[in-house]
Structures are given as structure tokens and as C-alpha cells.
Amino acid sequence: MIELTVKALLAYLLGSLVGSLLIGKLRGVDIRTMGSGNAGATNMLRNQGKGAALAVLVIDLGKGWVATGVLAPWAIPGLEPAPGGMHSLVLAVCGLTVILGHVYPVWYGFRGGKGFATFLGAVLGIDLGLVPAMILTWLLAVILTGFVGLASIASAAAVAIAIAVRSSTLGRPLLVFGILATLLIIYTHRANIGRMLAGKEPRARRLWLFGLRRGQG
């Protein structure tokens, strides 16, 4: 289907606008040469500060939302719209390709970020009802372990599970999206997994459930 192909390409190109690399260019740095080497908000926070990290988060999250919340339902002039039953497929394809664009951006030599913020944005555009499980899982994982990478993987899996529970209403294509996106998030965090297994992964500052005591993990 032409519409699906066009929207998939547009979502990929949108995803290729990587926030940390855009903001880094304005600041005269390439974040991929600093800190962990990851082109994401966390590395930007550690090396360029809160303002730059927030800008990166807004860009990466925003493009994910645009891909599924705006681009997917957009009636492109001159193209026959997909049948109503194809809506979940268009959502799934746009959601997956915008994340792939972030991870493998054509504008930046196919070296992008890990895709979690863009994944969150895509989920926001697909169904707000999926977000609470994702956010709560992420927070709980960070509180209990201090590992941001593990929290990202766990919350992606939580979304896949939430979609599976509601698959009768959300549709099978979105279930496939949830599974593939989770596998992609696991793959992009493979270095984090290796460091966690080796006991070398740095922990984030944690907020404890009891007493709200902050400390290093």
C-alpha cells in the first residue's frame, strides 16, 4: 500500500532527527564522543547539563508522538487512505520506523541513540492508557536497582504486556509493535546489560521508597 510506505518513510526520516545530535551541533559538540558515547538525553545530562538534556528529551519524545499521533492518522492529499481496519497497522509501522530512525539515523551515519524516549513518544501517540504501566515500571525499576538501562528495558516490556492484555481492542499489529520495539530496546541496551552482568554499570541516584532517602547505589 502506497500510503503505508510513504508514512513509514516519513516516520523514519522524522526519527532520524536525533535530539542530542541536533542540540550538540548547536553547542559545538558531538555527544557520541563524550561520556558513554550514547546519543541520548541521559548522556547529554551528564556531559552538557539539565537544559540541554531537557531539550533533547522534548525533541526525541516529541517526534515519537508526531509519528503515531499526527502522521499515522494524517490523510495525505492525493493518496487513497487506508481502510479503517488498517489503522492499527499504520500506527504500528509508524511507531516502529520512527524508533528505527532514531537508532539508525540516515542524517548521522546511522549512529543514533537507544530509542527509549522516542518509544515513549510513540506510545503516547498510540494510546495514553498504555503510559501509566510504562512510567510506573520505569520508576520502580530505577528506585529498586538504580539502573536506568534496566528500567528502560523493563518498561518497554511492560508496554508489550499491556498491549497483549488489550490486544482484542488495540489489534494484533500493535502487539507485534510492542514485541519488536521491546526487542529493539533490549538490543540497543546490550552494552548496558553486559556492564550490569560484569558489575560495572553506573547506578543513577535513587529515591528510596521508605524515608525518601537519597544515596548512591
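I need the full set of residues from the stretch 40-89 which are assigned to a helix (DSSP H, G or I) and farther than 21 Å from Gly19 by Cα, in order please.
Initially, the stretch 40-89 is screened for residues assigned to a helix (DSSP H, G or I), giving 41-48, 50-71, 84-89.
Answer for the stretch 40-89, where residues must be assigned to a helix (DSSP H, G or I) and farther than 21 Å from Gly19 by Cα: Gly84, Gly85, Met86, His87, Ser88, Leu89.
Test Ile186 against the criterion of being within 12 Å of the chain's Cα centre (by Cα) and either open to solvent by 40 Å² or more (accessible area, probe 1.4 Å) or more than 18 Å from Met134 (Cβ to Cβ) (or both), and give yes or no. Break it down stepwise before answering.
Numbers: within 12 Å of the chain's Cα centre (by Cα): yes; either open to solvent by 40 Å² or more (accessible area, probe 1.4 Å) or more than 18 Å from Met134 (Cβ to Cβ) (or both): yes.
When the stated conditions are applied, Ile186 passes them.
Within the set of pairs 6+ apart or on separate chains, which have a first residue in the stretch 43-59 that is among the basic types (Lys, Arg), a second that is open to solvent by 60 Å² or more (accessible area, probe 1.4 Å) and not in a helix (DSSP H, G or I), and C-beta atoms under 6 Å apart?
Close Cβ pairs satisfying both conditions: Arg46/Gly35.
Identify all residues within the stretch 98-115 that are over 20 Å from Trp138 (Cα atoms) and assigned to a helix (DSSP H, G or I); write none if there are none. Full working, then the answer.
Here is the first cut: in the stretch 98-115, the ones over 20 Å from Trp138 (Cα atoms) are 98, 100-112.
Within the stretch 98-115, Val98, Leu100, Gly101, His102, Val103, Val106, Trp107, Tyr108 qualify.
Any idea how many residues of the stretch 102-130 are touching a Ser or Thr at 6+ places or on another chain (Cβ under 6 Å), farther than 16 Å from Ile31 by Cβ and not β-branched (Val, Ile, Thr)?
Adding up the residues that qualify gives 2.
Each row is one residue, and each column tells you yes or no for (1) at pLDDT below 85; (2) open to solvent by 50 Å² or more (accessible area, probe 1.4 Å); (3) of a type outside the set (D, E, K, R).
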position: Lys7; (1), (2), (3): no, no, no
position: Leu14; (1), (2), (3): no, no, yes
position: Leu22; (1), (2), (3): no, yes, yes
position: Gly51; (1), (2), (3): no, yes, yes
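Out of Thr42, Thr118, Thr68, I need the residue that is surrounded by 17 or more Cβ atoms within 10 Å (Cβ to Cβ), over 12 Å from the mean Cα position of the chain (by Cα) and under 18 Å from Trp138 (Cβ atoms). Which one? It would help to see each step written out before you state the result.
Numbers: Thr118 fails: over 12 Å from the mean Cα position of the chain (by Cα); Thr68 fails: under 18 Å from Trp138 (Cβ atoms).
Unique residue meeting the criteria: Thr42.
So which residues in the stretch 160-174 are assigned to a helix (DSSP H, G or I) and either in contact (Cβ under 8 Å) with a residue 40 or more places away in the chain or touching a Lys or Arg at 6+ places or on another chain (Cβ under 9 Å) (or both)? Walk me through how you get there before you give the answer.
Here is the first cut: in the stretch 160-174, the ones assigned to a helix (DSSP H, G or I) are 160-165, 167-170, 172-174.
Those that are assigned to a helix (DSSP H, G or I) and either in contact (Cβ under 8 Å) with a residue 40 or more places away in the chain or touching a Lys or Arg at 6+ places or on another chain (Cβ under 9 Å) (or both): Leu170, Arg172, Pro173, Leu174.
Could you list all residues from the stretch 98-114 that are among the small types (Gly, Ala, Ser), surrounded by 24 or more Cβ atoms within 10 Å (Cβ to Cβ) and at pLDDT below 95?
Our first condition is that a residue be among the small types (Gly, Ala, Ser); within the stretch 98-114, this holds for 101, 109, 112-113.
After this cut, where a residue has to be surrounded by 24 or more Cβ atoms within 10 Å (Cβ to Cβ) as well, the list is 101, 112-113.
Matches in the stretch 98-114: Gly112, Gly113.
Given the conditions (1) more than 17 Å from the chain's Cα centre (by Cα); (2) open to solvent by 60 Å² or more (accessible area, probe 1.4 Å), and given that Met34 satisfies all but one, which numbered condition is not satisfied?
The failed condition is (2).
The values are calculated or read from the model by the stated rules, or taken from the named source; none is laboratory data. Here the structure is a predicted model, which is why all the values come from computation and not from measurement. Cβ: placed from backbone, ideal geometry, glycine included. Neighbour counts: every protein chain shown. These area figures cover heavy atoms from the full protein model, side chains too; ligands, DNA and RNA do not enter into them. Shrake-Rupley method; radii C 1.70, N 1.55, O 1.52, S 1.80 Å.
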